[in-house]
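Read through the structure below, which is laid out as structure tokens, and then see the notes.
The values are calculated or read from the model by the stated rules, or taken from the named source; none is laboratory data. Because the structure is predicted, anything quoted here is derived from the model rather than measured. Ideal geometry is used to build each Cβ from the backbone, glycine not excepted, and the neighbour counts take in all protein chains shown.
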Amino acid sequence: MATDTEKLAKDLIAAVNSHDVDKMLTLFTDDCVYEDVAVGKVNRGKQELKTFVTGWYAFSNDIKFELTSQFSAGDWGATEWIMSGTHTGDVLGIPATNKRYSVRGASITELGMGRIRRNSDYWNLASFLQQIGILPATPTE
């Protein structure tokens, strides 16, 4: 049986993949904290989160997340996911390259009042930048 944390993770992925920002925001507390560790951005509250997430669709109009694993313990949960899409708009000051990317990541989530109170995403920014052609590929041995 899925816990509340696991159900919220699945609902979050579904809302993000459907580009339904308003639905996504209903899953968060009003005083939520959403941190993207890779880019060093902390969003506090729903308005900052809405602006941040809307930016995802601006840099990658086909962005999609695939949930690959998850677990929960009380009000805490962790998920692993794959973020993929095409770099179709400016991101981090980088103009669109129209190249595809697929990057693994993980999130740590804390619930409060049955919604997401805090979420921290960890993903490989260097791999993303390599895939869109900004950084050179890692040499293989």
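Odds and ends about this structure:
- Scanning the range 49-57 for any residue that is among the small types (Gly, Ala, Ser) and modelled with pLDDT of 95 or more turns up nothing.
- Among the residues listed as Thr29, Thr5, the single one being in contact with a Phe, Trp or Tyr (Cβ under 8 Å, 6 or more places away or on another chain), among the polar types (S, T, N, Q) and closer than 20 Å to Ser72 by Cβ: Thr5
- Matching residues, the range 6-25, being touching a helix residue (DSSP H, G or I) at 6+ places or on another chain (Cβ under 8 Å) and either crowded, with 16+ Cβ neighbours inside 10 Å or not in a helix (DSSP H, G or I) (or both): Leu12, Ala15, Val16, His19, Val21, Met24, Leu25
- Search result, residues across the range 74-85 that are among the aliphatic types (A, V, I, L, M) and either touching a residue at least 60 places away in the same chain (Cβ under 8 Å) or over 23 Å from Met113 (Cα atoms) (or both): Ile82, Met83
- Annotation: Thr88 fulfils all but one of (1) in contact (Cβ under 8 Å) with a residue 24 or more places away in the chain; (2) of a type in the set (Val, Ile, Thr); (3) surrounded by fewer than 17 Cβ atoms within 10 Å (Cβ to Cβ); the unmet one is (3).
- Test: residue in the range 86-96 that is touching a His at 6+ places or on another chain (Cβ under 8 Å), under 22 Å from Phe128 (Cβ atoms) and modelled with pLDDT of 95 or more: yes
- Restricting Thr86, Thr97, Thr79 to those that are farther than 27 Å from Arg44 by Cβ and in contact with a strand residue (DSSP E or B) (Cβ under 8 Å, 6 or more places away or on another chain) reduces the list to Thr86.
- Matching residues, the range 91-101, being touching a residue at least 24 places away in the same chain (Cβ under 8 Å) and either farther than 17 Å from Asn17 by Cβ or surrounded by 15 or more Cβ atoms within 10 Å (Cβ to Cβ) (or both): Val91, Leu92, Ile94, Ala96, Thr97, Lys99, Tyr101
- Of the residues making up the range 28-37, those that are buried (at least 17 other Cβ atoms within 10 Å of the Cβ) and not charged (D, E, K, R) are Phe28, Thr29, Cys32, Val33, Tyr34.
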